Amino acid sequence: MNEYLLSILLGIVEGLTEFLPISSTAHLRLTEALLHIDLASGYWKMYTIVIQLGAILVLPIYFRQRIAKFFSTFPRGERGDRSALTHPLGLVAIAFVVTAIPGLLLTKVIGKNLGSLAVIGWSFIIGGIIMWIVDARNARSEKLGPSAPDSRIRTWKMEDMHLGQAVWIGLCQVLAPVFPGTSRSMATITGGQLVGMSRAAALEFSFFLSMPTMAAATLYDLLKSLRGKGENALGVTHIDPHGWVLLAIGFIVSFIVAYAAVAWFLAWVRKHGFAPFAVYRIILGIVVLAWAAHWIG
């Protein structure tokens, strides 16, 4: 495949899947396997980091007004009933720390299963089933709204979250890098719904938690690769003009597609929920397992 077309394709895959609950890491791995390319060493390792940074940049721009509002109301909140620990910014920071500490301790485990199509396939299926069940369980409460009797949903807005919910969501997110195909977004959203959060609140918290989590993980990967040796070293100083153009194309495409995906996803979920994504995960997981078993291809 022409490298310019490849850069566009990979940018689309990254931008489209980074914030949807379907795992960008697994989709890049599947694209790599389908196209018989190597994204795990040298230049292409840096390329995947760059396009992920393009997707990450979307969130602080898209949510710039919400971020400014949160900073202006810290630590007491709009109603004056929050503290540094229970303000939305404090809850994001706590969830990030809860995610980061096990993540550092599990460094050797993270990435170990990245090449396993079987692990990716089962992660897709199991995650899809859990997502479908949890979303269906809350569907009636979502439809009737906050005034519904015996509602399963107790937290309708991110501003009303409590400390326990943030800690739980942080723990759920640890599953994503350990089991490729789980998806940070899926773990965060489903984890939030399990502890009484609405679709909108869980989704928004997922986006806000993604900012520090993804930035830290991506920069860590970049630093690790810059310090690497041999074929795993990035070799930034040896990139030719053609290589820089490919990086720019991937970065821009990833940013544009991710921006559109975030805007669409927010509007879709409020009306339709997560069931279609769960079905997609289950079907794709079955296809991946069949592929891994050499039943297809």
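Points to keep in mind about this one:
- Condition check for Leu104: of a type outside the set (Ser, Thr, Tyr), in a helix (DSSP H, G or I), open to solvent by 60 Å² or more (accessible area, probe 1.4 Å) and within 28 Å of Ile120 (Cβ to Cβ): yes
- Selection count where residues are open to solvent by less than 60 Å² (accessible area, probe 1.4 Å) and either under 21 Å from Ala275 (Cα atoms) or not in a loop (DSSP other than H, G, I, E, B) (or both), scope the stretch 145-156: 4
- Only one of the listed residues (Ser83, Ser23) is under 27 Å from Ala166 (Cβ atoms), at pLDDT below 95 and loosely packed, with under 13 Cβ neighbours inside 10 Å. That residue is Ser83.
- Near pairs, Cβ below 6 angstrom, 6+ apart or cross-chain, from the stretch 67-95 (within 19 Å of Phe207 (Cα to Cα)) to any residue that is open to solvent by 80 Å² or more (accessible area, probe 1.4 Å) and among the hydrophobic types (A, V, I, L, M, F, W, C): His87/Phe74; Leu89/Phe74
- Counting the residues of the stretch 1-52 that are more than 22 Å from Thr182 (Cα to Cα), among the hydrophobic types (A, V, I, L, M, F, W, C) and out of contact with any helix residue (DSSP H, G or I) (no Cβ under 6 Å at 6 or more places or on another chain) gives 8.
- A residue that is open to solvent by 30 Å² or more (accessible area, probe 1.4 Å), part of a helix (DSSP H, G or I) and out of contact with any helix residue (DSSP H, G or I) (no Cβ under 8 Å at 6 or more places or on another chain) cannot be found anywhere in the stretch 90-98.
- Out of Ile283, Ile249, Ile296, one residue alone is among the aliphatic types (A, V, I, L, M), open to solvent by 50 Å² or more (accessible area, probe 1.4 Å) and modelled with pLDDT of 80 or more. It is Ile283.
- If you go through the stretch 36-60 and keep only what is part of a helix (DSSP H, G or I) and either open to solvent by 60 Å² or more (accessible area, probe 1.4 Å) or basic (Lys, Arg) (or both), you end up with just Lys45.
- Residues being closer than 30 Å to Lys143 by Cα and not in a loop (DSSP other than H, G, I, E, B) - total across the stretch 258-297: 26
- Every pair of residues 6+ apart whose Cβ atoms lie under 7 Å, when the first sits in the stretch 216-229 and is closer than 23 Å to Pro102 by Cα and polar (S, T, N, Q) while the second is part of a helix (DSSP H, G or I) and at pLDDT 65 or above: Thr218/Ile49; Thr218/Gln52; Thr218/Leu53; Thr218/Ile56; Ser225/Lys45; Ser225/Met46
- Looking only at the stretch 11-60, and only at residues there that are of a type in the set (Gly, Ala, Ser) and over 13 Å from the mean Cα position of the chain (by Cα), the one that is nearest to Trp291 (Cα to Cα): Ala33
- Verdict on Trp122 being over 16 Å from the mean Cα position of the chain (by Cα), modelled with pLDDT of 95 or more and either among the hydroxyl-bearing types (Ser, Thr, Tyr) or within 26 Å of Pro276 (Cβ to Cβ) (or both): no
- Here is the figure for the stretch 157-177: residues that are surrounded by fewer than 19 Cβ atoms within 10 Å (Cβ to Cβ) and in contact with a helix residue (DSSP H, G or I) (Cβ under 9 Å, 6 or more places away or on another chain) total 8.
- Residues in the stretch 157-183 that are modelled with pLDDT under 90 and in a helix (DSSP H, G or I): 5 in all.
- Test: residue in the stretch 201-213 that is at pLDDT below 95 and more than 22 Å from Ala93 (Cβ to Cβ): no
The values are calculated or read from the model by the stated rules, or taken from the named source; none is laboratory data. Quantities reported herein were computed from a predicted structural model and do not represent experimental measurements. As a convention, Cβ positions derive from the backbone with ideal geometry for all residues, glycine included, and neighbour counts pool all protein chains shown. Only protein heavy atoms, including side chains, enter the accessible area calculation; ligands, DNA and RNA are left aside. Shrake-Rupley method; radii C 1.70, N 1.55, O 1.52, S 1.80 Å.
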